[in-house]
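Presented below is the structure to which this report refers.
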Amino acid sequence: MDTILEMLSHRGEHLVGRFGGPLNFRLIVMPLVVTVLALRAHLRDVREGRPTFLWAFLKDPAERRRLFRSGLRDFGKVFVVACVLDTTYQILVLKSYYPGEMLVVAVVCAIVPYFLVRGPITRLAQMLFGSRNGAAGEEGRNRK
């Protein structure tokens, strides 16, 4: 049991050390880029009259495939860049490679912000600025 706790402690130190080490800009830039991509995707959905991303993903099995592909297209490249940058960080600073830690950092930098922004936060924006977005959504539905 002590070795497991020691291993988890060691991994935790590695993850926390990324905030102050070299290449720490990626922990700010990656989520910002993904946020912009998620906002663009949300605006595209509003223009086309589609429902909110998270709601449609959870409730509509027919839409899941399209939404998954759309998400991959939006954050896939950023996810790969996050993996490459974290691998570079590990090799330069830690002098070793931990694929699990790399995946944790890449998911936190790319996937989590995407779903947070494209889902609940854009829903909040839609409620606040609903009249403009609602009108755009209605026009998009009437054109079909």
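None of the figures in this text is laboratory data; all of them are computed from the coordinates on show. Not measured: the values here are computed from a predicted model. Backbone-built Cβ (ideal geometry, glycine too); neighbour counts: all protein chains shown.
For segment 35-77, a residue qualifies if it is under 14 Å from Val112 (Cα atoms), surrounded by fewer than 19 Cβ atoms within 10 Å (Cβ to Cβ) and of a type in the set (Gly, Ala, Ser), and exactly one does: Gly76.
Condition check: of a type outside the set (Phe, Trp, Tyr), assigned to a helix (DSSP H, G or I), in contact (Cβ under 8 Å) with a residue 40 or more places away in the chain and in contact with a Leu (Cβ under 6 Å, 6 or more places away or on another chain). Does Gly119 satisfy that? Steps first, please.
Working: of a type outside the set (Phe, Trp, Tyr): yes; assigned to a helix (DSSP H, G or I): yes; in contact (Cβ under 8 Å) with a residue 40 or more places away in the chain: yes; in contact with a Leu (Cβ under 6 Å, 6 or more places away or on another chain): yes.
So Gly119 passes the test.
Consider Pro113 carefully, then state whether it is touching a residue at least 60 places away in the same chain (Cβ under 8 Å), surrounded by 18 or more Cβ atoms within 10 Å (Cβ to Cβ), on the phi < 0 side of the Ramachandran plot and not small (Gly, Ala, Ser). Against the criterion (touching a residue at least 60 places away in the same chain (Cβ under 8 Å), surrounded by 18 or more Cβ atoms within 10 Å (Cβ to Cβ), on the phi < 0 side of the Ramachandran plot and not small (Gly, Ala, Ser)), Pro113 qualifies.
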